[in-house]
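Below is one structure, written out as structure tokens; comments come after it.
The values are calculated or read from the model by the stated rules, or taken from the named source; none is laboratory data. Just so you know, these numbers come straight off a predicted model, no measurement behind them. Neighbour counts are summed over all protein chains in view; Cβ atoms, including those assigned to glycine, are modelled from backbone coordinates with ideal geometry. Side chains are part of the model used for accessible areas, which takes the heavy atoms of the whole protein and leaves out ligands, DNA and RNA. Shrake-Rupley method; radii C 1.70, N 1.55, O 1.52, S 1.80 Å.
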Amino acid sequence: MRVRPTTSENLVAELTETITRRARPPGTRIALDGHPVSGTRELTDSLVRTLRVAGVRAVRVGMWDYLRPASLRFERGRHNPEGLREDWFDLAGLSREVLTPLAPGGSGHVLPALWDPDRDRSPRLARTDLGERGMALVEGPLLLGHGLDFDFTVHLWVSEKVLHRRTPVEDRWQLPAFAEYARRTRPERTADRVIRMDHPERPAVVDALD
């Protein structure tokens, strides 16, 4: 492999070009996988803005808006790493409300958020019509390895040392879940594109060499 340094601006431009080439009706489903400290939300927001300027109907879907109800999410306790990995995120809801509508024959209407964790109820949002060639950019942790029907996947990689340093103390109980995810899923090998984000201001693209 080759690790190619870039800038934040060039990374957004490169990813925008890549995912635009993959656009097809009724819509394109992109995953941006990574721990929150890797900058998945910030990168996704930048991509959505750039795509919209280019005339593409794009929406960010955050996995923190696709949590399961508290009664299911905390069955193993509020600070259980296995529970975080297995119980927190509503992957079936994501497939039903975002991925399937953009599959061939789908409606093109996606739901940007399914659950409000603060109120522990549905936010009751209207669906977004992405038209004929819109894009849903799904960002969040632990996204790969579940058989979800994405058209292109990006993994934002952060080293274990940096991950521990950047994670707030109150959230460090989650780190074993990410370590197990890395061991089982190997996202740096299974994602279509891997970006090293130890230094968010100086990202690096990992290119596979033939």
Exercise. In whole Å, how far is the Cα centre of the range 115-148 from that of the range 63-89?
Worked result: 16 Å
Seminar exercise, completed: Charge dipole of the range 1-148 built from unit charges on the beta carbon (Lys, Arg +1; Asp, Glu -1), centred at mean Cα; most positive-end Cα among Gly55, Ala92, Leu137 is Gly55
Exercise. Which of these, Pro104, Pro36, Pro81, has the largest mean-square fluctuation under a Gaussian network model of the chain (Cα springs below 10 Å)?
Worked result: Pro104
For this session: Would you please name the chymotrypsin sites (Phe, Trp or Tyr not before Pro) within the range 119-210 that are DSSP coil residues with at most 13 other C-beta atoms within 10 Å of their C-beta?
Result: none
Problem set entry | Those GluC sites (Glu not before Pro) in the range 144-210 that DSSP places in a loop and that have at most 11 other beta carbons within 10 Å | Glu201
Problem set entry | Heavy-atom accessible area ranking, 1.4 Å probe, most first, across His155, His146 | His146, His155
For this session: Rounding to the nearest 20 debye, state how big the charge dipole of the chain is about its Cα centre with +1 on each Lys and Arg Cβ and -1 on each Asp and Glu Cβ.
Result: 100 debye
Exercise. If you roll a 1.4 Å probe over the chain with all protein chains in place, what percent of the accessible area is carbon or sulfur?
Worked result: 48 percent
Exercise. Counting pairs of alpha carbon atoms under 8 Å apart in space and at least six apart in sequence, what relative contact order in percent does the range 1-151 give?
Worked result: 38 percent
Exercise. Can you give the accessible area of Ile30 in Å² (nearest 10), computed on protein heavy atoms with a 1.4 Å probe?
Worked result: 0 Å²
For this session: With both partners inside the chain, how many of the DSSP beta bridges are antiparallel, as a percent to the nearest 5?
Result: 35 percent
Seminar exercise, completed: In nanometres, the difference between 0.36 nm per residue of separation and the alpha-carbon distance of Asp207 and His146 is 19.6 nm
Exercise. How about the range 67-108: which trypsin sites (Lys or Arg not before Pro) there are in a DSSP loop, with at most 11 other Cβ atoms within 10 Å of their Cβ?
Worked result: Arg78
